[in-house]
Structure formats: C-alpha cells, structure tokens
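Working notes, beginning with the structure itself.
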Amino acid sequence: MGTQSQVSAGRWTRAATVLARRVAGETVLVPLDSRADDPEYKGARLYVLNETGEFLWALLETPRNAADLARNLTLEFETAEDRALADVEAFLVALRDIGAVREAPEPDVE
Amino acid sequence: MAVLRVGAVAGIPIVHELCDGIRLERLDVVDWAGTSEVSEPVVIRHELGDATTTRLRRMLDVPPWCTFHLDAAGEPAALFYGVFGEVDRLLTTVTPGTRYRVRYAAAPSDPVVALQSELTAFSFAIAARGAGLIAHACAFITATGHGVLCPGISGTGKTTLARLLRDADPAVELLTDDRAIVTLDDRGVRVWGSPWPGAGKVAGVRSAPLTTLVFIRHGQRVEQRVVTPAEAFRRIVNTLSMPLWEPARCGRPLEVIDGIVSRARLIELAFPPTTDAARWVVTEADDRFAVSAA
C-alpha cells in the first residue's frame, strides 16, 4: 500500500484494476490487484462510496486534477474551496492507496 | 472407483467419485430428491494423497475446523482438520466451477462425512460459474408462492423460526433452516433450499421468486422495522458465501445482492418463540403486503 499522504498536482482517473458495481443505490468498489501489492492480502475488501465520493468517482471517468475536482465539488455541494480541496486530496489518497485511481499521463502538447 | 450422485442443488448436480476404498457417510440424513438438473455437475473426487498445503497460500483461518488457501492460479482450496478424529483432508480446485478434489492424508477407517467438503466445493463452484450465492439463512415459500429469506449467523433463530413455521402454517413450504441458495437470472432473484440443513433438518427442493428479506433476531415480543437497501446490503453480505478470495469474481455476487435488496421487501424482525409470532412472519411476507418482484 502507498504511504504518501499527498497527491500530485497531475491528473487522476479511475484505475482499470477496480471493479465498481451499483448495489442498493450505492457505488461499491472492489480493488482487483491488491493481491499483487500486498503480501498480507487476506481477501477482497469492499468499499462503499458516500454521496461526495460518488460525485467525484463519476467525474474521474475522465482524467482530472485535484483542483478541477475541488472546483466541481464546490459548485455541487456549496463547500468552501479550501475545504473542498482538502476533501478531494484525502479522497484521492484513499483511492490511490486501495488501487482504485491512478495518475493519468499528461496529454501530448504539439 | 465408486460414484455417488447427489440430487441437484439449485439445478447443479453433485457427483462424488470415491477412490481408494473411501466411503462417504450416508448423505440421506435428510431426504434430498434434488431439483431439476439444468447444468453441468460439480464433480468432487475423493482420494488418498498429499494433504499438505506447502504449495498453497494461506488466506483465512476458521479454527478449529479449517483453513482456506489459494493455489498458484488463484483458485481456492480448504484444509479441513480432523476435529472429531477424522483424518485431515485437503479440498483443491481442479477445474474451476466443475471439478474439485479432496485428498485424505491417511485412509479413513470409517465412512467420511461429506458435508464440509461438499458444501465448500459447491460454494467454490457456483462462485466460479457466477451462478449465485449460498446464504446462511432460513428460507420458506408462502402459500401464495412468495419466497422469503431470513439470513442470520448462528444463534439468530433460523432453526427456531423454521420449527415454529412448521407448526404455525401447514401451507408454508420450508426450504431450509440453515443454507439457502440464491440465484439471479432473466426471471429475477430466486431462493432455493439445499441438502445442508441445520438442526431442524429442513431440506426443501423447490424454489420461488425472492420477494421478502427478513433479518431475524430473538425478542421478547414481535417488533418489526423496515430496513433500507443500503443497510440490508451491509447486513446480508456477512451471511453470504462471497468469493472474497478472488476480487474479480465479486462482481456477479454483488449483482445478486443488488437484485435482492433492490427488489425484495426488507424488514428486521424480533420475535419470541411462539407460533403466533411465526404466523405473523408469514402474514407479513404474504402477497397482501409484499412488494412484487416483477
């Protein structure tokens, strides 16, 4: 598992190695590659996203950086900008550590 | 080699291949005729051999009964300990979904109780097939044809409720007092009985659309509470044979759970051990109140 508490300023997107299902109106994530990373692996873990998490998860279908996610969060939930950014970074750290999001390569600039 | 065929469970026949003079204890402790056979059987081969787990990765201990493991291909295995003087035996996957092998460390002197290896192999197989889940539950069909699932860990009252239902309403068809099978297909979610009963020895072969989910617990009086789908998901997941050893196989079970909690009526019920309370459960599950699964 990762131990860095900060996320980079780059863009983030959903990892291909996570299974997401709607169950009971909620989004459930099951990381698929935790076995490869974790020698203490003892079986799959299920993660249920809260309302804010679902909102961010939907946005992460396309690569976005933390600032962009925070901006959307501010608009949707009327959250203060600094609080929104802190929440987004914490969310990305949590999802990065379970292998549910990954850094997206920067688009080529001609 | 002797062959013992067990009637189909939720449409899946079970075949035991018995090598080396291994005999299975009579499985007809319950009268299990089997459901209609609709798919390929699960074959469990019993033989003498290496029952050590040196090539397996230890995943989960369930003392004193068994430990669960993964083989190099990521397929599940289980080592059952001779708690009651039997020999240790190792269940491994040969072909996911269809063939499993039980190896005995030494020749068993007595007929072998098949329950553990059979139930575990079946749970591995239906997970590999994406066919459904085994629920630790009491289940029954109301007179109007509604399937009711009452999940709960040991001690929550599954066998008690089954016995009370038997007395309370002869029109109720009991499916199981311990292990139900839940499947999802184009017709929706169905609940089935199984040949693996609890102390009440309830083993019904029929199935019905699952329309009501009742979380039971003992209580001084009948108390009912509506449960939200989200709470139902969190509560039922602990009573199901989720293939947590392989995350990639959790998708279909999650769809089955969503099928259950999204379509069935969801209630929590505290009940005292009386036939009146059991009658109340049946009334609540009856079509006059239940949400249709259609």
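The values are calculated or read from the model by the stated rules, or taken from the named source; none is laboratory data. Computed from a predicted structure; not experimentally measured. Please note: Cβ atoms are built from the backbone with ideal geometry, for glycine as well, and neighbour counts cover all protein chains shown. Keep in mind that these areas ignore ligands, DNA and RNA; they rest on the heavy atoms of the full protein, side chains included. Shrake-Rupley method; radii C 1.70, N 1.55, O 1.52, S 1.80 Å.
Details
- Test result for residue B:213, free of Cβ contacts under 8 Å to residues at least 24 places away in the same chain, in contact with a strand residue (DSSP E or B) (Cβ under 8 Å, 6 or more places away or on another chain) and either surrounded by 18 or more Cβ atoms within 10 Å (Cβ to Cβ) or within 25 Å of residue A:29 (Cβ to Cβ) (or both): no
- Criterion: facing chain B (nearest Cβ under 10 Å) and closer than 30 Å to residue B:58 by Cα - qualifying residue of A:100, A:94, A:24, A:44: A:44
- Among (1) facing chain A (nearest Cβ under 9 Å); (2) open to solvent by 50 Å² or more (accessible area, probe 1.4 Å); (3) hydrophobic (A, V, I, L, M, F, W, C) - the single one residue B:222 does not satisfy: (1)
- So residue B:265, is it free of Cβ contacts under 8 Å to residues at least 60 places away in the same chain and either crowded, with 19+ Cβ neighbours inside 10 Å or under 29 Å from residue B:93 (Cα atoms) (or both): yes
- Subset tally (residues that are open to solvent by 30 Å² or more (accessible area, probe 1.4 Å) and either over 28 Å from residue B:247 (Cβ atoms) or in contact with a His (Cβ under 7 Å, 6 or more places away or on another chain) (or both)) for segment B:128-144: 2
- Test: residue in segment B:165-178 that is surrounded by 19 or more Cβ atoms within 10 Å (Cβ to Cβ) and closer than 24 Å to residue B:262 by Cβ: yes
- Every listed requirement among (1) among the acidic types (Asp, Glu); (2) buried (at least 17 other Cβ atoms within 10 Å of the Cβ); (3) at pLDDT 90 or above is met by residue B:246 save one, (3).
- Complete set of residues in segment A:48-61 that are touching a residue at least 12 places away in the same chain (Cβ under 8 Å) and open to solvent by 70 Å² or more (accessible area, probe 1.4 Å): A:61
- Scanning segment A:73-92 for residues that are out of contact with any strand residue (DSSP E or B) (no Cβ under 9 Å at 6 or more places or on another chain) and either open to solvent by less than 20 Å² (accessible area, probe 1.4 Å) or of a type in the set (Ser, Thr, Tyr) (or both) yields A:73, A:74, A:79, A:84, A:88.
- Count - residues of segment B:102-126 that are open to solvent by 10 Å² or more (accessible area, probe 1.4 Å) and within 20 Å of the chain's Cα centre (by Cα): 6
- Only listed residue being small (Gly, Ala, Ser) and on the phi > 0 side of the Ramachandran plot, chosen from B:82, B:130, B:147: B:130
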